[in-house]
Every structure is written in structure tokens, then in C-alpha cells.
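Report on the structure given below.
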Amino acid sequence: MPNSDLTPRPARDSQSEMTELVLPNDTNPLHGLLGGRLMHWMDIAAAMAAHRHARHYVVTASVDHLDFVSSARVGNFIVLRSSVNRAFNTSMEVGVKVWAENYLLNKRTHVSSAYFTFVAVDKEGRPQLVPQVIPETPEEKHRFEGAARRREHRLAEREIRRNNRSSRP
Ligand SMILES: CC(C)(COP(=O)(O)OP(=O)(O)OC[C@H]1O[C@@H](n2cnc3c(N)ncnc32)[C@H](O)[C@@H]1OP(=O)(O)O)[C@@H](O)C(=O)NCCC(=O)NCCS
């Protein structure tokens, strides 16, 4: 059964890490990792953090802007780290950062980062309240503050998109 305990939880409790190996089936004809495959892994890494924080079923509500800042190649490890930056009512902002690791050179390169919004839901898909996040480190506090600004922007953009949709013939 999902947990209904709304006691605030430290950001560190949601921290998650997953590692994937880039295989030929994950790549384009230039042997670079497919963007879609990376987005899939990022969604899963983000969902892990959201599940750990909410201790509930969650769904992806939105993903903010996503840049692929460098490419990953066949044979690289893809390291994905995620944590819940801030919880609101039923939604949470999750940050995900991704590196490509070349284990032959013992070198990691930043590949992508993104903010995901997850919503905790019950079995019928109805939004459910989530516990607040307690940021502890200076970095967590910085992400916590930024999350409030980003949410305002995100919801304002959603409103614009809604209005555009409803004014279309
Ligand atoms: C996400 C979803 C549950 C929101 O339901 P809704 O009826 O719009 O609910 P509400 O308007 O009450 O919003 C619930 C929360 O989601 C947030 N939210 C909804 N859409 C959002 C969006 N596009 N971006 C950011 N936050 C969003 C709201 O701000 C609200 O947050 P809060 O409770 O913390 O204040 C619903 O749209 C849904 O089920 N979408 C499909 C999800 C899905 O299938 N994902 C892919 C597979 S996991």
C-alpha cells in the first residue's frame, strides 16, 4: 500500500543513481547514443527519486527544456543521478544530471540535465498530497529555492499553452 505519512523528508532520502551501458542497439548510425533512449533513462531515474520521496505511485507531468550538451558513444557507461528538489502539493520537481563515463580513460563528461515534474497519484490516477522536502546542504537549498521560481514559470507557460489550444478553431 502507498504511504500516506506526510512528515517532511530530507532531500537526500530521494537521491538515486542508475548506470546503463551504451550498446549498439542504443545508437544512431554514427554510434552516438540516441536522444530518445537517453530521455527514457532520464525519465526512469527521475521516477526513482519521486517514488522514494513520495512513497506513492507517480506519473510524469512534464519535462522542462532538455539540452544534449555532449554525445555518448557505444561502450560508455551512462551515469544518471536524480533527487527531488522540492515538493509542492501533489507535485514534485526532480532534477536529473547525466554523465557519460569512459572507463578506459577513467573520465566522465556531462551529457545532459533536466527538471522533471512528477505527480503522486492513487490507483485511479487522482493526484495525492506528498511530503515536503527538507533541504540540508547549501546545494540542496539552492535547488529548493530555484524550484519555486521554475514552478511559477512552468505553470505560467502551461496556462499559455492551454489558452492557445482552446482558441484554436
Ligand atoms: C499529471 C496529472 C496527474 C495532473 O492531473 P490534473 O487533473 O491536471 O491535476 P491538477 O491540475 O490538480 O494538478 C496536479 C498537480 O500537477 C501539477 N501539474 C499538472 N500539470 C503540470 C504540468 N504540465 N507541468 C507541471 N506541473 C503540472 C499541478 O501544478 C499540480 O501541482 P500541485 O498539486 O503540487 O500544486 C494528469 O494530467 C495526468 O495523469 N497526466 C498524464 C500523466 C502520464 O500519463 N504521464 C506519462 C506516463 S507516467
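The values are calculated or read from the model by the stated rules, or taken from the named source; none is laboratory data. All values reported here derive from a predicted model rather than from experimental measurement. Neighbour counts are summed over all protein chains in view; Cβ atoms, including those assigned to glycine, are modelled from backbone coordinates with ideal geometry. Accessible surface is based on the protein model in full, side chains and every heavy atom, while ligands, DNA and RNA are left aside. Shrake-Rupley method; radii C 1.70, N 1.55, O 1.52, S 1.80 Å.
Condition check ((1) polar (S, T, N, Q); (2) open to solvent by 70 Å² or more (accessible area, probe 1.4 Å); (3) within 23 Å of PRO8 (Cβ to Cβ); (4) more than 14 Å from the chain's Cα centre (by Cα)) across all residues:
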position	(1), (2), (3), (4)
THR27	yes, no, no, yes
ARG73	no, yes, no, yes
ASN76	yes, no, no, yes
LEU80	no, no, no, no
MET92	no, no, yes, no
PHE116	no, no, yes, no
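Would you confirm whether any residue within the range 125-132 is away from the ligand (no atom under 16 Å from the Cβ) and either part of a loop (DSSP other than H, G, I, E, B) or without any contact (Cβ under 8 Å) to a residue 60 or more places away in the chain (or both)?
Looking for residues that are away from the ligand (no atom under 16 Å from the Cβ) and either part of a loop (DSSP other than H, G, I, E, B) or without any contact (Cβ under 8 Å) to a residue 60 or more places away in the chain (or both), one finds none in the range 125-132, hence no.
For the structure I just gave you, tell me whether ALA87 is within 12 Å of the ligand (Cβ to nearest atom), open to solvent by less than 10 Å² (accessible area, probe 1.4 Å) and either touching a helix residue (DSSP H, G or I) at 6+ places or on another chain (Cβ under 6 Å) or not aromatic (Phe, Trp, Tyr) (or both).
yes
If I go through the range 118-141 residue by residue, how many of them are open to solvent by 20 Å² or more (accessible area, probe 1.4 Å), out of contact with any Pro (no Cβ under 6 Å at 6 or more places or on another chain) and farther than 14 Å from ARG12 by Cβ?
Within the range 118-141, residues that are open to solvent by 20 Å² or more (accessible area, probe 1.4 Å), out of contact with any Pro (no Cβ under 6 Å at 6 or more places or on another chain) and farther than 14 Å from ARG12 by Cβ number 8.
All but one of (1) over 11 Å from the mean Cα position of the chain (by Cα); (2) open to solvent by 20 Å² or more (accessible area, probe 1.4 Å); (3) aliphatic (A, V, I, L, M); (4) under 27 Å from ALA148 (Cβ atoms) hold for ALA54, so report the exception by its number.
(2)
Does at least one position in the range 68-75 carry a residue that is touching a residue at least 40 places away in the same chain (Cβ under 8 Å), in a strand (DSSP E or B) and closer than 29 Å to LYS141 by Cβ? Even if it seems obvious, please write down each step before you answer.
So in the range 68-75, the residues touching a residue at least 40 places away in the same chain (Cβ under 8 Å) come out as 68-75.
Restricting the remaining residues to those that are in a strand (DSSP E or B) gives 68, 73.
Next, from what is left, pick out any that are closer than 29 Å to LYS141 by Cβ: 68.
Among the residues of the range 68-75, at least one is touching a residue at least 40 places away in the same chain (Cβ under 8 Å), in a strand (DSSP E or B) and closer than 29 Å to LYS141 by Cβ, which makes the answer yes.
Run GLU140 past the list (1) under 21 Å from SER83 (Cβ atoms); (2) more than 16 Å from the ligand (Cβ to nearest atom); (3) part of a loop (DSSP other than H, G, I, E, B) and report the number of the one that doesn't hold.
(3)
Determine which single condition LEU66 fails, assuming it passes every other condition in (1) surrounded by fewer than 14 Cβ atoms within 10 Å (Cβ to Cβ); (2) at pLDDT below 95; (3) not basic (Lys, Arg).
The one condition LEU66 does not meet is (1).
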